[in-house]
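J.: Mind having a look at this structure? Questions to follow.
The values are calculated or read from the model by the stated rules, or taken from the named source; none is laboratory data. Since the structure is predicted, the reported quantities are computational estimates derived from the model, not experimental observations. Ideal geometry is used to build each Cβ from the backbone, glycine not excepted, and the neighbour counts take in all protein chains shown.
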């Protein structure tokens, strides 16, 4: 069974759903090179320019539950088009923004629209797939989605050189419009009418919430996935602090090192998909969880002893590889038992992961002035060990 998208090629199906999932990382990472120019062109502070990322993430964190619950009732396609429409509108408003206040409002709208992508991609996969086939599809989505952080900063820097920060916003707007048009005409509804929640809206939303609350194992695996995301984002948020601030690497070398760790995620997700038929989910989760916890703990020791950069980077690559194993496997374990409310479950995973990512980046920012370089791997290890503690109760 395959996703009911009009292109008959399985690769085309995966690429379309991966593009939906990649909207948030592309929208965040493409804008990183432009923050300085935004503050200069719009005559504002670097802090206010940085808020363009924070408010995008706030909009993204708040929207998935709405999309997920309503898509269980009205179908995936209507909510998908609403979200992509908001994303495109936000991109257009960003491009035209005459002031920082306008830009911040537009980025919030854009983030709210981006929240539909990962939610619908996972829910649509669960609608029509199950078992090992679903594990492989989620692994493929994770693998292609995580290519975005590798290429996005380079694309952003290229567009910045060609047309300034507005060129980046325009490109994101065009991407949103193109995806809207593609999904409008090429996406066939994946949720059959008989599986929709068709009672009174509030009562159905309450019933979905109760159903999900009763699915303790699904919630547990969703928590594992979210905590793994928090561990990863501690590295993403803290990598400039430790690599540029502590190890004094150049901006160009930093970009290469960051791409190396992103490749670790891609490789882990690739192997999670390839091994789906041969290796039990529990094994992949324990191996991946162990790597995401042990590698940062080793990095804490190495950084405190002023170890070589190459050795420390090896630990980070191993940790991100472990995340690549955990993320699709935990997502599958969370979605498999709750097919009737796949949209709500997918939304909960995305929202909780965003909460964990925000919390881990905040911890890094608070602890770095006091602990220096060990703050980053320390927070990574903390979130990974919390995930392993939950795994020990589930498996």
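J.: Go through (1) at pLDDT below 95; (2) touching a helix residue (DSSP H, G or I) at 6+ places or on another chain (Cβ under 7 Å) one by one and return the number of the condition residue 309 breaks.
T.: Among (1) at pLDDT below 95; (2) touching a helix residue (DSSP H, G or I) at 6+ places or on another chain (Cβ under 7 Å), residue 309 violates only (2).
J.: Among 288, 373, which is the only one that is within 18 Å of the chain's Cα centre (by Cα), part of a helix (DSSP H, G or I), surrounded by 21 or more Cβ atoms within 10 Å (Cβ to Cβ) and touching a residue at least 40 places away in the same chain (Cβ under 8 Å)?
T.: Exactly one of 288, 373 is within 18 Å of the chain's Cα centre (by Cα), part of a helix (DSSP H, G or I), surrounded by 21 or more Cβ atoms within 10 Å (Cβ to Cβ) and touching a residue at least 40 places away in the same chain (Cβ under 8 Å), namely 288.
J.: Also: For segment 175-204: of the residues being more than 20 Å from residue 77 (Cα to Cα) and in a helix (DSSP H, G or I), which is modelled with the lowest pLDDT?
T.: 202
The rows are residues; the columns are (1) assigned to a helix (DSSP H, G or I); (2) modelled with pLDDT under 80; (3) not assigned by TED's automatic domain parsing to the domain that holds residue 71.
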residue: 123; (1), (2), (3): yes, no, no
residue: 136; (1), (2), (3): yes, yes, no
residue: 141; (1), (2), (3): yes, yes, no
residue: 158; (1), (2), (3): yes, no, no
residue: 167; (1), (2), (3): yes, no, no
residue: 211; (1), (2), (3): yes, yes, yes
residue: 230; (1), (2), (3): yes, no, yes
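J.: Moving to a separate point now. Report, ordered by the first and then the second residue, all pairs with beta carbons closer than 6 Å, sequence separation of six or more or different chains, a first member in segment 231-256 that is buried (at least 18 other Cβ atoms within 10 Å of the Cβ), and a second member that is outside any helix (DSSP H, G or I).
T.: 243/249
J.: Is it the case that segment 330-338 has a residue that's at pLDDT 80 or above, farther than 24 Å from residue 259 by Cβ, surrounded by fewer than 24 Cβ atoms within 10 Å (Cβ to Cβ) and within 16 Å of the chain's Cα centre (by Cα)?
T.: Checking segment 330-338: not a single residue is at pLDDT 80 or above, farther than 24 Å from residue 259 by Cβ, surrounded by fewer than 24 Cβ atoms within 10 Å (Cβ to Cβ) and within 16 Å of the chain's Cα centre (by Cα).
J.: Hey, among 352, 321, which residue is in contact (Cβ under 8 Å) with a residue 12 or more places away in the chain, closer than 12 Å to residue 230 by Cα and touching a helix residue (DSSP H, G or I) at 6+ places or on another chain (Cβ under 7 Å)?
T.: Selected residue: 352, the only one of 352, 321 that is in contact (Cβ under 8 Å) with a residue 12 or more places away in the chain, closer than 12 Å to residue 230 by Cα and touching a helix residue (DSSP H, G or I) at 6+ places or on another chain (Cβ under 7 Å).
J.: With respect to residue 342, is the statement that it is crowded, with 19+ Cβ neighbours inside 10 Å and modelled with pLDDT under 85 true?
T.: yes
J.: Moving on to the next point. Here is a check on your reading of the model: is residue 172 in the same structural domain as residue 116 (by TED's automatic domain parsing) and either assigned to a loop (DSSP other than H, G, I, E, B) or at pLDDT 90 or above (or both)?
T.: Considered against the rule, which asks whether it is in the same structural domain as residue 116 (by TED's automatic domain parsing) and either assigned to a loop (DSSP other than H, G, I, E, B) or at pLDDT 90 or above (or both), residue 172 comes out as yes.
J.: I want to confirm something. Restricting to segment 60-107 and keeping residues that are over 20 Å from the mean Cα position of the chain (by Cα) and buried (at least 23 other Cβ atoms within 10 Å of the Cβ), which single residue is nearest to residue 341 (Cα to Cα)?
T.: 72
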